[in-house]
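First up is the structure itself, then whatever we jot down about it.
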Amino acid sequence: MVNKERLMQTFLEIVQINSQTKKEREMADYLKEKLSALGLTVTEDNAGEQIGGNAGNVIGILERNAQKPALLFSAHMDRVAPGENIKPVVEGDVIKSSGDTILGADDGAGLAAILELLQIVKEKELAHGRIEVVFTIAEEGGLNGAKSLDLSQLQAKMGLILDSTGEAGIVINQAPAQDEIIAKIHGRAAHAGVEPEKGVNAIMVAAKAIGMMKLGRLDEETTANIGVISGGKATNIVPDYVEVHGEARSLKEEKLVKVTEAMTKAFLTAAAQANARVDLDVKRLYPAYYIPEEHDLLQLVKRAGEAVGLPIKIQATGGGSDANIFNGKGIDALNLAVGNEKVHTVEEYQNINELVKTVELIVKVLELV
C-alpha cells in the first residue's frame, strides 16, 4: 500500500526545509498544512515560548472510525548543524546530502513515514482507533519539545516514535537515564611568572578531578564522559575559574546514581585538596525506559512484523530520544528504526526501501491493534 515515489518526494521536500533547533517555524507550518489536508484536527502548543523557540509542538488528531485503542505516532522536527540549505542527492534508492551538510534524515524520515501512514489511512479508508500525531520541536540536545509538550489533548496510552537509526525492524525497547554534571571550580588568580605559589590553579583542580574518574564505557549498561572544559584568561595568569561539563548514563538507576556520585565526589575531593571551591549542578535530563517483551505494544509490533515479513530486532540503546519522555509521562512508547545511517554527520544517508518497510510495519500495527 505504500506509495514509494510519494514517500520519497515527501522526504525530499522535508529535508530541504530549514529546521534548526528552536527555529522550526517553516517546518511546523509545512506539517500543519499537510495534516490539515489529510483531515486531522491540528493545533500547536506553546512549547516554543517556554524554551525560546519560534514554533511549538504540532499536534494532529484523527478521530476513530472503529472501536480500537488510540495510538500515538511521533517524530521530531529539528535537526543538528550543519543542517541548513540541504541539497539532497538521489542515488537509486539511497539519498545523501551534497557533502557539506547533514541530510536531515534524523528525523525527516520519521516525519515522512507518519505522513505516508496517514495518506494510506485516508486512501484505503482503514479502520482505526483515534490516531494522535505529535511532531516535536527541540529534540536534539535535550528533548525539550517533548518535555514541554501539552498532554491535555492526548488520550493514547501507547505510541510509536519513529526516530532510530538502522534498518527497518529494529525496535528500541530500552534506553538509559542521563545525568548532566556541571562543575564550576573557583581557584585564585596570581601572576604565573612572578608569584605562582600565591595562586590556586582551577584547571589543575579540574585535571586532578578528571584523573580520579572512570570514564568511557563502564559496563554494557553504563557510560560516563567529560565533554567540555572552559576557563583561563592568559598563559601568564594562574587560572582562577574553570567550568567542566560532563554526563553519566545507565539503563539501571542504581548504577547511574553511583557513577554520578563518584564523579561529583572527585570534583569535591580535588577542590578540597587544593583549597579551591567547586559549585556543582547535577540535573536529571531524562528518565530511563524499558518495555518488556511481553508488553502488549511490543507483542503488537512483533505480530505486525510477522504479517509484513519484516524480522523484528529488539534492542537497547545508549542514547536518549523522545521515547524516554513519553514513557516518563505515562505513554508506553517504543522507538522504531527508519532506515538511515551515519546520522549527525555529513555522511548521513537514507535508504528509501528501508523507510518503505517501516511504513508497512506501522500501517500493519494500526490494522492489528
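Read the figures in this text as sums done on the coordinates, not as results from a lab. Every value quoted in this text rests on a predicted model; they were computed, and no experiment measured them. Here the Cβ positions follow ideal geometry from the backbone for every residue, glycine too, while neighbour counts run over all protein chains shown.
Tabulated values for the structure
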{"item": "Whole-Hz ³J(HN,Hα) from phi, Karplus 6.51 cos²θ - 1.76 cosθ + 1.60, for the range 284-290, glycine and proline x", "result": "7, 7, 6, x, 6, 9, 8"}
{"item": "Inter-label distance, nm, simple model (7 Å from Cα along the C-beta direction), Thr43/Asp93", "result": "4.1 nm"}
{"item": "In the range 45-131, the trypsin sites (Lys or Arg not before Pro) that fall in loop regions by DSSP, at most 16 other Cβ within 10 Å", "result": "Arg64"}
{"item": "Table column - 3J(HN,Hα) (Hz), the range 98-113, Karplus curve with 6.51, -1.76, 1.60, x for Gly and Pro", "result": "6, x, 10, 9, 5, 8, x, 5, 9, 10, x, 5, x, 4, 5, 4"}
{"item": "Charge dipole (the chain, unit charges on Cβ, about Cα centre) - positive-most of Asn275, Ile59, Phe73", "result": "Asn275"}
{"item": "The range 251-329: trypsin sites (Lys or Arg not before Pro) in DSSP loop, at most 15 other beta carbons within 10 Å", "result": "Lys252, Lys329"}
{"item": "Highest-MSF residue in the chain out of Ser36, Ser164, Ser148 [GNM, Cα springs under 10 Å]", "result": "Ser36"}
{"item": "Added length on full extension, which subtracts the Cα-Cα distance from 0.36 nm per residue, Asp150 to Met212", "result": "18.1 nm"}
{"item": "Length-normalised contact order for the chain - Cα pairs under 8 Å, 6+ apart - percent", "result": "23 percent"}
{"item": "Cβ-placed point charges (K, R +1; D, E -1), dipole of the range 1-100 about Cα centre in debye, nearest 20", "result": "260 debye"}
{"item": "Karplus (6.51, -1.76, 1.60) ³J(HN,Hα), θ = phi - 60°, over the range 57-69, in Hz, Gly and Pro reported as x", "result": "5, 9, 10, x, 10, 10, 5, 5, 10, 8, 7, 10, x"}
{"item": "Between the range 156-186 and the range 230-280, the Cα center-to-center distance that results, in Å", "result": "25 Å"}
{"item": "Given the chain, longest segment not containing exposed loop GluC sites (Glu not before Pro) (DSSP; at most 15 other Cβ within 10 Å)", "result": "126-219"}
{"item": "Amide H contacts of Tyr241 (H built 1.01 Å from N, under 5 Å, at least 5 apart or other chain)", "result": "Gly187, Ala202, Gly232"}
{"item": "Choice from Lys357, Lys198, Lys214 with maximal GNM fluctuation in the chain (Cα, 10 Å cutoff)", "result": "Lys198"}
{"item": "Share, in percent, of DSSP beta bridges within the chain that are antiparallel, nearest 5", "result": "75 percent"}
{"item": "Nonlocal amide H pairs with Ala288, under 5 Å, H built at 1.01 Å", "result": "Ala177"}
{"item": "The range 4-94: relative contact order in percent, alpha carbon pairs under 8 Å with at least 6 residues between", "result": "35 percent"}
{"item": "Label assignment, Rg and Dmax of the Cα atoms in Å derived from the structure, set (i) 20.4, 63; (ii) 23.3, 82; (iii) 23.2, 91", "result": "(ii)"}
{"item": "Cα-based Kirkwood hydrodynamic radius, the range 177-286, one decimal, Å", "result": "14.3 Å"}
{"item": "The chain: angle of helix 25-37 to the longest principal axis, Cα-based, in degrees nearest 10", "result": "20 degrees"}
{"item": "Two-site FRET efficiency, Glu125 against Gln16, from Cβ-Cβ distance with R₀ of 45 Å, rounded to 0.05", "result": "0.90"}
{"item": "5 angstrom amide H check on Ala190, placed H, neighbours 5+ away", "result": "Val238"}
